[in-house]
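Since the structure comes first, as structure tokens, the remarks are kept for the end.
Derivation of every value follows stated rules applied to the coordinates shown; laboratory data play no part. Since the structure is predicted, the reported quantities are computational estimates derived from the model, not experimental observations. Neighbour counts are summed over all protein chains in view; Cβ atoms, including those assigned to glycine, are modelled from backbone coordinates with ideal geometry.
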Amino acid sequence: MIAREETLRDLMTRAQGGDKQAYAVLLEQTGRWLTRFFAQKISPDAVDDLVQDTLISLHRKRASYDPSRPFLPWLAAIARYRWVDRLRQTYRHAADELQDQHKEGSHEDVVGAKISIDRLLHQLPDGQALAIRLVKIDGLSIAEACAKCGQSEPLVKVNIHRGLKRLAALIESE
Amino acid sequence: MTNKFDIAALVDDLEPVTALNPRRPLMIAAAILAAMIALIVGIQGIRADVMAGHPDEMFLIRAGILLVLGGATAHAVTSMASPSVGKNNNGWQIALAAAVVFPLSALIVATTGDFGPAMSAMQSGMRCMMYSAIGGLATAVPMVLALRRGAPTSPARAGWLTGIAAGGLGAFAYNLHCPFNNVVYIGLWYTLAVGGCAVIGRLVVPRLIRW
């Protein structure tokens, strides 16, 4: 079970004050939350790396959390930033297909829905979102993505480029 | 989870931190602005109408717009240091839209052939740009430091906004000396001053704040 917003906020505030015990719990809980957050938004074997990158960012930038504001939207902004950053890196995933598995507690509450990565992807034009999903998330090659979505090769490349740029600009939007 | 080791290392490394206070860089920028105003007034002198206590209407509008533009964008910049999904901080867009009235008006008036002193007072215009850039650079320092300590999720936008904020505040400082009230002059030289700072901000700031 993952701690709720109020608990995480309290733990983060205590961590900013140097409470190592609270910080250990916070990182554990946050790690779980992030694993769910990134699920099916990047190739499965990249999720752990991305969670670790985000936790390191949380650690390095913990002073940027304002204790008077909710914790999860702050964490989600950092997570989205790391996710877009990861999508920008060129990689080709060996096992191309996402596993269609049901994650524990896959329902999302209202806050979760507003800060989810899906919400971010839905703000892109369909062509851009599809190109990013096929190439950067599902790990298809450009040629495979072209065959699957019917877009030409230059169009897929342009859609990925424009889509990632737009995603970067939308990180803090609901 | 596979990141148990990393978690332990991060916990070991934990030191107390003071949460960012967005007001602090703003107050430092305000203090630097005051120092820049004192410097410019000391070197170049203050406008005669302001000195006499009867400022021209155009001066008041220009000063107000520059101050609101600089203040609103500076606030947006320091706010970007503490990211949050769903946080709305769009006041700078309204201030920028208001400021665009000057170049637009200048363009319309210039099409009638009335350029006023915009071209003949080029030396003054260059001085406007120079002082705005120097003042802007000084006021940008606390903003960039806040961004470096924080976690801005859009470095490019942060760069633009830092440049606009710095240019707006720097131009405000110079505007207390600038004797011209002509709309074409203001639309041309002040737009170049703020726009130039914005471009410099876009080119330089993202490299300094990426994380």
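Taking the protein assembly as shown as the region of interest, the number of lysine pairs whose Cα atoms are within less than 14 Å, with members eight or more places apart or on different chains, is 6.
Between B:Asp56 and A:Asp10, the C-beta separation translates, for a Förster distance of 56 Å, into a calculated FRET efficiency of about 0.50. A convex hull fitted to the Cα coordinates of segment B:13-121 yields 184 cubic angstrom per residue. Taking all C-alpha pairs of segment B:56-182, those more than 24 Å from each other amount to 33 percent. Helix content alone sets the calculated 222 nm mean residue ellipticity of chain B: runs of n ≥ 4 DSSP H residues at -39500 (n - 2.57) each, divided across all residues, give -23000 deg cm²/dmol.
Shown here is the pair-distance distribution of the protein assembly as shown: with all Cα-Cα distances grouped in 20 Å bins from zero up to the longest one, the shares run 26, 45, 25, 4 percent. For the peptides A:50-56, B:77-83, the ranking by mean Cβ contacts within 10 Å, running from highest to lowest, is B:77-83, A:50-56.
About its Cα centre, the dipole of chain B is roughly 340 debye, where the only charges are +1 on Lys and Arg Cβ and -1 on Asp and Glu Cβ.
What are the membrane-span-like helices in chain B by this rule: whole DSSP H runs, Cα extent along the axis at least 27 Å, mean Kyte-Doolittle hydropathy at least 1.0? Taking the DSSP H segments of chain B (at least 27 Å long, mean hydropathy at least 1.0), we get B:23-44, B:57-80. Take the Cα coordinates of segment B:159-211, assign each an equal point scatterer, and use the Debye formula without solvent to give log10 I(q)/I(0) at q = 0.18, 0.22, 0.23 Å⁻¹. Once normalised to I(0) and log-transformed, intensities are -0.58, -0.75, -0.80.
Shown for B:Thr112, A:Thr30, B:Thr191: other C-beta atoms within 10 Å of each C-beta, ranked fewest to most, produce the order B:Thr112, B:Thr191, A:Thr30. Relative to the Cα centre, the charge distribution of the protein assembly as shown, modelled as +1 at Lys and Arg Cβ and -1 at Asp and Glu Cβ, gives a dipole magnitude of about 560 debye.
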